[in-house]
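Chemist: Shown below is the structure under consideration.
Since every read-out is calculated from the coordinates, none of them should be taken as a lab result. Owing to the predicted nature of the structure, the values given are computational and were not obtained by experimental measurement. Quick reminder, even Gly has a Cβ in these numbers, built from the backbone with ideal geometry, and neighbours come from all protein chains shown.
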Amino acid sequence: MVKLIDKNTRAIVQGITGTQGRFHTKLMIEYGTKIVAGTAPGRGGQEVEGVPVYDTIAEAVRSHEVDASIIYVPAPAALDAALEAVEAELNPIVVITEGIPVRDSIELVAKAQRKDITVVGPNTPGLIKVGESKLGIMPAQVFKEGRIGVISRSGTLFYEIAAHVTRAGLGESSCVGLGGDPVVGLDYIEMLEWFERDRQTKGVALIGEIGGDAEERAALFIADGGFTKPVAAYIAGRAAVPGKRMGHAGAIIMGSSGTAESKMNALRRAGVRVGEQPGDVAGHLREML
Amino acid sequence: MKLLEYEAKEVFRRYGIPTAQGAVVTSPEAAREFAERLGRPVVVKAQVAVGGRGKAGGIKPAETPAETYDVASVILGMTIKGLEVKKVLVEEKIAIGHELYVGVTVDRRSRRYVVLASSAGGMEIEEVAAKTPEKIVRHDVDPIDGFRIHHALGVAKSLGYTGKKLTQLAAVILRLTEVAHGMDAELTEINPLAELEDGFVAADARLNVDDNALYRHRELEEKLLNSFQGELTPREMEARAQDLTYVELDGDIGIIGNGAGLTMATLDTVMLNGGKAGNFLDLGGGASPDQIEKAVEFVLSDKRIKALFVNVLGGITRCDDTAKGIVTAREKTGVRKPFVVRMMGTNEEEGRRILKEAGIDTLDTMEEAARQVVRLAGGA
């Protein structure tokens, strides 16, 4: 069962003393996220933005009630950090770190799955329950509380489309960045199942890109009646060339599979309105709602 | 990172996968010498990191040392798919009874390594999957239980082997999964795996290492440049050296964005408006003014580029930093090309002000900006 966040979620920041960890801890607290502790090996006893720092999670949970974790540690140390969070049964675990070897992601996702823990990422902008809490690096100003759920594999394109949804007066409920790597903890289908149950969400913006077949599988799921609310989509990478990695490790067309056309066609067949340009998604949603 | 055949075979041997006796040489003389020492017929194989070497004439048998010299002279200096052949692998010619396929790759859907094996070796596995899917045996590796000899025996048995051959084949399959794990492979293949009278030999070898895992494989560093020769253009090599995430495309509009998804969407929107992108350049998250300046300089200096489109959605990347980077790069290079800038988010106002002072207008939406840059580049 997918577990996301709300205003009551108490989180720990792993890698809180690094540049990124420090900067985003401040922004998350400003947004209203309950950051109760941080970890950084060798820096136990310090404070960041008024948040106490511990050497390990085991120590932190002795003094604090913790639900979730967000990870900013560099790639070579990320698997260990995430497994530490899995052992402490924190849920969800949000892995912001980019550049984690796929072998490590496979191990992490399998070990989390065994304990029914949700892993968001790796290489994700994180997730946000708009107006309540965010565990991520997304700029807060583009969101406004409302009725659209957003699922995206990328970061900035997700903000771009969310900004349009906000401007169109629809607003967002919860938004999740799945992550740009080939192996990630969450896929579109699991998120669609979650949004199907979420009462606040009246429609979904699905933002995909070239590589793999996650969007095609989501389309089949929608076509089979697994998700019944309106969906509008945008797929990036129509101008991409096969065999070249377009920024994300997962964004690569192999032979004829993983193309933008294949994904757009599959979604259209499932009744999803697919935007020609990112700005079209919000308009489609407004028409459908 | 794609290893060359002989490099992949060096790894295979380290993991105990049988390969034919061979030597890598750079001259016909050395090829002849190896054939003389071996005293048996050989195969001469071009070492370039592209597929279809055989069809291009880059793999040829030779019966005698003299013939080996001749064949090597032809192949060395050949150009295959734009790549000059600088090395050949001279290998003992093996008497192949039957050709199999064994491969290990990452399956995104099941989020696992998957072992694929087939009795129809020698052709691309995608082709086998399309034509005769019943000939492929698939085993999903449980990340926690791992892949052990009994799993390998199961795969070998499904291909119809029994007795000594069964255990020999299972050993090769098991070792290939050890290569995949130990070397952080995105893909490793033996195609074909030659079945001989008394065992199996890897007749070809493919090993693509996960770029994100290269920090664990320092031994590959010196091979890295080789590996990119097949994949990257000279400009892409230069970009890599400068630490820029860059892909060369064949249009005339320079594209710089932040974030892979947004940058891809920028290319698409330009295309939709009748323009053609000359590159993809992703600044990534939180680029500093220096990094932005370097990126703008890199694209500005590209003679093919007629106009630039910078699209930045400021989150951790700041619009004022972006503006400063653009202005400095223009001053430094002295190159005057039309710029279209769209920026939104963190420190947007300050960014717009800096650009306005330098005579560069900013636009509100990427759609508008795309139309504008196509016009400026002289397109639709």
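Chemist: What is the distance, in nm, between label points placed 7 Å from the Cα along the Cα-to-Cβ direction at A:Met254 and at B:Val74?
Modeler: For the pair A:Met254/B:Val74, the computed spacing is 3.5 nm.
Chemist: Could you tell me, in Å, what Rg and Dmax come out for the Cα atoms of segment A:78-157?
Modeler: 13.6, 38
Chemist: Dividing the Cα convex hull volume of chain B by residue count, how many Å³ per residue is that?
Modeler: Working: hull volume 63.6 nm³, N = 380.
Dividing the Cα hull volume of chain B by its residues yields 167 Å³.
Chemist: Then there's this: Whose amide H sits under 5 Å from the amide H of B:Phe147, counting only residues 5 or more places off or on another chain, with H placed in the peptide plane?
Modeler: Under 5 Å from the amide H of B:Phe147: no residue qualifies.
Chemist: Now for a different question. May I ask for the percentage of alpha-carbon pairs in the protein assembly as shown that lie more than 49 Å from each other? Could the numbers behind the result be given before it?
Modeler: Numbers: 40254 of 223446 pairs.
The proportion of pairs with Cα distances above 49 Å equals 18 percent.
Chemist: Would you mind checking the pairs A:Lys111/B:Lys9; A:Lys129/A:Lys229; A:Lys144/B:Lys356 and listing those with alpha carbons more than 25 angstrom apart? Intermediate values should be presented prior to the final figure.
Modeler: Numbers: A:Lys111/B:Lys9 33 Å; A:Lys129/A:Lys229 19 Å; A:Lys144/B:Lys356 30 Å.
Pairs exceeding the cut-off: A:Lys111/B:Lys9; A:Lys144/B:Lys356.
Chemist: Please give the net charge around B:Ser73, taking every other residue with its beta carbon less than 15 angstrom from that of B:Ser73, where Lys and Arg add +1 and Asp and Glu add -1. Walk me through the numbers on the way to the answer.
Modeler: On the way: positive: B:Arg32, B:Lys45, B:Lys60, B:Lys86, B:Lys87; negative: B:Glu29, B:Glu33, B:Glu67, B:Asp70, B:Glu84.
So the surrounding residues net to 0.
Chemist: Still on this structure, I have one more. For B:Asn258, what is the net charge nearby, where nearby means another residue's Cβ is under 13 Å from its Cβ and Lys, Arg count +1, Asp, Glu -1? Each step should come with its number before you reach the end.
Modeler: Values: positive: B:Arg318, B:Arg342; negative: A:Glu160, B:Asp282, B:Asp321.
Net of charged neighbours comes to -1.
Chemist: For a footprinting-style exposure proxy, rank A:Glu172, B:Glu350 by other Cβ within 10 Å, fewest first. The partial results should precede the final answer.
Modeler: Values: A:Glu172 24, B:Glu350 15.
Ordered from fewest to most neighbouring Cβ atoms within 10 Å, A:Glu172, B:Glu350 come out as B:Glu350, A:Glu172.
Chemist: By how many nm would the segment from B:His98 to B:Glu349 lengthen if fully extended, with 0.36 nm per residue of separation less the alpha-carbon distance?
Modeler: On the way: separation 251, 0.36 × 251 = 90.36 nm, distance 6.94 nm.
Extending this stretch completely gives an extra 83.4 nm.
Chemist: Along the charge dipole of the protein assembly as shown, which of B:Gly39, A:Val2, A:Thr228 sits closest to the positive end, that is, farthest toward it, with unit charges on the beta carbon of Lys, Arg, Asp and Glu (+1, +1, -1, -1)?
Modeler: Checked the options; the winner is A:Thr228.
Chemist: Need one value for B:102-113: mean number of C-beta atoms belonging to other chains within 10 Å of its residues' C-beta atoms. Could the numbers behind the result be given before it?
Modeler: Values: counts 0, 0, 0, 0, 6, 4, 12, 6, 2, 12, 4, 3.
Counting other chains' Cβ atoms within 10 Å and averaging over B:102-113 gives 4.
Chemist: Grab the Cα-Cα distance for B:Gln242 and B:Lys164, subtract it from 0.36 nm times how many residues apart they are, and report the gain in nm with one decimal.
Modeler: Separation in residues times 0.36 nm, less the Cα-Cα distance, equals 22.7 nm.
Chemist: For a Förster distance of 56 Å, can you work out the FRET efficiency between the beta-carbons of A:Leu83 and B:Glu197, rounded to the nearest 0.05? The partial results should precede the final answer.
Modeler: Values: r = 48 Å, r/R0 = 0.85.
E(calc), rounded to 0.05, equals 0.70.
Chemist: May I pose another question? Which FRET efficiency value, to the nearest 0.05, is calculated for B:Glu127 and A:Leu289 with the Förster distance at 51 angstrom and r the Cβ-Cβ distance?
Modeler: Numbers: r = 46 Å, r/R0 = 0.90.
So, using R0 = 51 Å, E works out to roughly 0.65.
Chemist: Just to confirm a number: summing +1 for Lys and Arg and -1 for Asp and Glu over residues other than A:Ala266 whose beta-carbon lies under 13 angstrom from that of A:Ala266, what do you get? Could the numbers behind the result be given before it?
Modeler: Numbers: positive: A:Arg217, A:Lys263, A:Arg268, A:Arg269; negative: A:Asp213, A:Glu215, A:Glu216, A:Asp224, A:Glu261.
Within the 13 Å Cβ shell, the charges total -1.
Chemist: On full extension of the chain, what length is gained from A:Glu47 through A:Arg114, given 0.36 nm per residue of separation minus the C-alpha to C-alpha distance? Walk me through the numbers on the way to the answer.
Modeler: Details: separation 67, 0.36 × 67 = 24.12 nm, distance 3.37 nm.
The A:Glu47-A:Arg114 span can extend by a further 20.8 nm.
Chemist: How compact and how long is chain A, expressed as Rg and Dmax of its alpha-carbon atoms in Å?
Modeler: Considering chain A through its Cα atoms, Rg and Dmax are 18.4, 57 Å.
Chemist: Using Cβ counts within 10 Å as a stand-in for footprinting exposure, how do B:Leu100, B:Leu166 rank, fewest first?
Modeler: Details: B:Leu100 24, B:Leu166 16.
Lowest count first: B:Leu166, B:Leu100.
Chemist: Give me log10 I(q)/I(0) at q = 0.18 Å⁻¹ for segment A:10-120, Debye formula, one equal scatterer per alpha-carbon, no solvent.
Modeler: So the normalised log intensities are -0.81.
Chemist: Kirkwood Rh over Cα pairs of segment A:138-288 into Stokes-Einstein at 37 °C, 0.692 mPa s: D in µm²/s?
Modeler: Translational D for this selection: 218 µm²/s.
Chemist: Could you check the simple spin-label distance between B:Glu222 and B:Thr333, using points 7 Å along Cα→Cβ, in nm with one decimal?
Modeler: 3.6
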